[in-house]
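The values are calculated or read from the model by the stated rules, or taken from the named source; none is laboratory data. These numbers were taken from a predicted model, which means no experiment stands behind them. A quick note on method: Cβ atoms are made from the backbone with ideal geometry, for glycine too, and the neighbour counts reach across all protein chains shown. Calculation scope for accessible area: heavy atoms of the full protein, side chains included, ligands and nucleic acids excluded. Shrake-Rupley method; radii C 1.70, N 1.55, O 1.52, S 1.80 Å.
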Amino acid sequence: MENSEAVAFELNEASVNQAGETDPSPVQVRSLKELLDRITGRGVMTQPLAEDSGLAEILPFPFLALVGQHEMKLALLLSLINPMVGGVLLIGPRGTGKTTAVRSLADLLPEALRSLCYYGCLPEDIESSGIDAVCPDCARKFAEGEQLVKMDRVRIVELPLNSALEDVIGGVDERAASHNRFRLNKGLLAQADRNLLYVDEVNLLQDDVVDALLDAAAQGKYTVRRSPMAATYHSRFVLIGSMNPEEGSLRPQIMDRFGLRVIVRGLEATEERLEAYRRVQAYLSHPHQTVEQFASETRIAQAEIQAARELLPEVKLPEEVAQNGLRLINNLQIDSLRAEITLFEAARACAAADHRLAVTQDDLRLVAPMALRQRRSKFIKDFFKLQDAEEKELTAVLEGIFQGSNAG
Ligand SMILES: [Zn+2]
């Protein structure tokens, strides 16, 4: 514990030195939210810099260097703090920075307990479903008191649009098969276990891939059968999707899978657009120096996310806040049960990010638009309306007949 505090202090010191030229006051970051606001307003150096090796493609754009887009950034951070939020869907036209934002999370990813086993077995599987819930090897290790997990950095696994079902769920290992050995390959969904799974243009995925994705998301695991073999893989991921609504709609089942939904629009203010342009130019011509300019704040943000994750289990939802949340859902006529899970879990993540142990009405208010928009299904609303009309008609006919028979 002492150790990690010392690291945090050092990071603060480093950012004082770096920001010293433009901002003489020491950096006092009280919370992640504050850090986001502070960085958004800061300019980057536009002075000519030494030659850079130009590795922009493998070096992600710094998350903190993204200008504006507050709701998108907040939604992504909340999903890193609390996987129970259920992922994020970014909806907006091309060129609004959706993909850049998701990829730029790479430097902020927290650590989580990761299974040491190929099939992703965890001790909590044994606690909840007994020893048969894990593979025989892990069952033996557990019995002998051996470790099943270690701390490891969460990763971003991308599911490309053109992925075949075989790549997504895994299939027969062709190389092994050519040597007359039969082996199954691990698919993307298994690689995404305990990681972020990012699907760009999620509305254009093939139907069979969507079905596999929905299956894994609902169960947290899936089974591949290729006679004579079968394998079950764990697949508990945070789903992040982006889509351009002009290119097609999203099936309601997969829409409901995403916890938070953010409408991403282009920047409106001229100064913001200009600053965004400057930062992108700086990054494209000198990626290393640009990333370096945000490095100390990035380290602080990463430590804050990790700390928020550790605080999260202790964050409580007071009764009066919960009641207000339920009233909100009721008044908006939302049926999906996932709405309140997302609403309350996002609000808890918000409190944790702010180092608080209780959710406030303000937390709820902040996350409600992201958690509740696009939750109302027009089909279900129309269905209930028709149903109500039919019930009334039915009651009237029944009353007419039975009152008539009573009188007679
Ligand atoms: Zn195992």
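Pop out the carbon and sulfur fraction of the accessible area of the stretch 85-188 as a percent, whole number, probe 1.4 Å.
Within the stretch 85-188, the accessible surface is 50 percent carbon and sulfur.
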### Message
I'd like the FRET efficiency for residue 383 and residue 322, computed as 1/(1 + (r/R0)^6) with the beta carbon distance as r and R0 of 35 Å, rounded to 0.05.
### Response
0.80
### Query
Which peptide among 196-205, 387-396, 261-270, 119-128 comes first, and what is the full order, when sorted by highest mean count of other Cβ atoms within 10 Å?
196-205, 119-128, 261-270, 387-396
### Query
Taking every eigenvalue of the Cα gyration tensor of the stretch 105-210, multiplying by 5 and rooting it, what semi-axes result, largest first, whole Å?
27, 21, 13
### Task
Past 26 Å, Cα to Cα, is the threshold; run 98/221; 73/221; 33/316; 150/221; 141/221 against it and keep the listed order.
98/221; 73/221
### Sparse-neighbour loop sites [trypsin sites (Lys or Arg not before Pro); the stretch 143-199; at most 16 other C-beta within 10 Å; DSSP]
155, 181, 183
### Summary
Length gained, residue 274-residue 338, 0.36 nm per residue minus C-alpha separation, equals 19.1 nm
### Summary
Regression test value, accessible area per residue of the stretch 199-321, probe 1.4 Å, units Å², expected 49 Å²
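In whole angstrom, how long is each semi-axis of the equivalent ellipsoid of the stretch 275-408, when you take the square root of 5 times every eigenvalue of its Cα gyration tensor and sort them from largest down?
On the way: eigenvalues 552, 91, 16 Å².
So the three semi-axes of the stretch 275-408 are 53, 21, 9 Å.
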### Message
7 Å from Cα along Cα→Cβ at both residue 284 and residue 392: what's the point-to-point distance in nm?
### Response
6.0 nm
### Message
Could you give me D for the stretch 240-346, from Stokes-Einstein at 25 °C and 0.890 mPa s, where the hydrodynamic radius is the Kirkwood radius over C-alpha pairs? Units µm² s⁻¹, please.
### Response
134 µm²/s
### Query
Under a point spin-label approximation (7 Å from Cα along Cα-to-Cβ), what is the residue 128-residue 94 distance to one decimal in nm?
4.1 nm
